[in-house]
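I have placed the structure first, in the form of structure tokens, so that the comments after it can refer back to it.
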Amino acid sequence: MRDINVLNDYFMRYLFSSKDSNLILLDFINSTMLDANMKTFRSVEILNPFNYKENYEDKESIVDVKCITQNGTVVIIEIQLQGNSRFPERILYYWASNYSKLLKQGEKYDALTPVISINLLNFNLDNNDCIHSCYMIYDTNSKRLLTDHLQIHIIELKKFKYNLLDKDLDCWLKFFTIKEKDNREVIMSELVKEKPIMEEVQKRYNNFIKDRLMMNEYDKREAYLYGNQIMLEEERRLGIEEGFKKGIKENQILTAKNMKNKNIDITLISDITGLSINEIEEL
């Protein structure tokens, strides 16, 4: 039976946003909350239900999973396979976009409710060892919390090591980070023993890979993501090459200026730096 990439956002939306996924979604959210010593929730209602036929090219404009809890807190979940150091700004933008939509024209600010953003990243934002970070708005001196309406969780899967997190979140991240070379059946059997909800997760995984229509959409999404990754790597390569060329040019100019200030023959400067005589005369 074929293995798939469980971080594929089409599969993740199927897992967390199908009409009967509430308990699975609630468990993952509460596992994240427990690891950050935050309050958990009793129930969730999915606000953007999974659709078999989704336009994967429009993915950049939406969050992967969106739900509301029994007390009105909105939770948004995004899975991101590639990014860079500017990704926090994107997270904040998505949070702000969802928070601003809570208030209708004419309503008072007390109608606003907290928005929790949970971000699963398959890349490292920085070089520290922190797997799960939780950000809120605090006073820099007194550490007093300004409001609980902003809560941003960043989970960096590349940094994950077993048994460093709360056991519930640790179990979820074991599932998310199963590799092709791993024995999925053995690992899932162990996870089910640790966390009963994983039996339902495994059932959904099996149903997904047996469904021809969903696998077809999954393959389209994988191809789209692979194409994006290739383009991103090419852009980075060209950027490095361009930066290297720019650095060489700047070094040539600096060397030529110093030699010219010491009244060294322009022809000799040109031979050493590679700059033309006209370029040197204009310095």
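Numbers below:
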read-out: Shape call, region 162-231: gyration tensor on alpha carbons, a/c limit 1.5; value: oblate
read-out: Antiparallel content of DSSP bridges confined to the chain, in %, to 5; value: 50 percent
read-out: Anisotropy class of region 10-166 from Cα gyration tensor, a/c 1.5 cut; value: rounded
read-out: Cβ-placed point charges (K, R +1; D, E -1), dipole of the chain about Cα centre in debye, nearest 20; value: 500 debye
read-out: Among the listed pairs LYS101/LYS174; LYS161/LYS193; LYS158/LYS203; LYS66/LYS210, those beyond 23 Å (Cα-Cα); value: LYS101/LYS174; LYS158/LYS203; LYS66/LYS210
read-out: Links that overshoot a 27 Å alpha carbon limit, given the list LYS143/LYS195; LYS159/LYS181; LYS181/LYS220; LYS179/LYS220; value: LYS143/LYS195
read-out: Accessible-area composition of the chain, carbon plus sulfur, in percent [1.4 Å probe]; value: 51 percent
read-out: Cα gyration tensor shape for the chain, rounded if a/c is under 1.5, else prolate or oblate; value: prolate
read-out: Accessible area in square angstrom per residue, the chain, 1.4 angstrom probe; value: 59 Å²
read-out: Gap separating the Cα centres of region 129-198 and region 1-33, nearest whole Å; value: 14 Å
read-out: Between helix 184-194 and the chain: long-axis angle, C-alpha atoms, 0 to 90°, nearest 10; value: 60 degrees
read-out: Candidates ASN163, ASN263, ASN251, ranked by Gaussian network fluctuation over the chain, Cα under 10 Å, top entry; value: ASN263
read-out: Along the chain, longest interval not containing exposed GluC sites (Glu not before Pro), exposed being DSSP loop plus at most 14 other Cβ atoms within 10 Å; value: 1-106
read-out: Theoretical ellipticity at 222 nm over the chain - DSSP helices of four or more residues, -39500 (n - 2.57) apiece, nearest 500; value: -15500 deg cm²/dmol
read-out: Fraction of beta bridges assigned by DSSP in region 45-172 that are antiparallel (%, nearest 5); value: 45 percent
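The values are calculated or read from the model by the stated rules, or taken from the named source; none is laboratory data. Just so you know, these numbers come straight off a predicted model, no measurement behind them. Note that each Cβ is placed from the backbone with ideal geometry, even for glycine, and that neighbours are counted across all protein chains shown. Heads up: the accessible areas ignore ligands, DNA and RNA and are worked out on the full protein's heavy atoms, side chains in. Shrake-Rupley method; radii C 1.70, N 1.55, O 1.52, S 1.80 Å.
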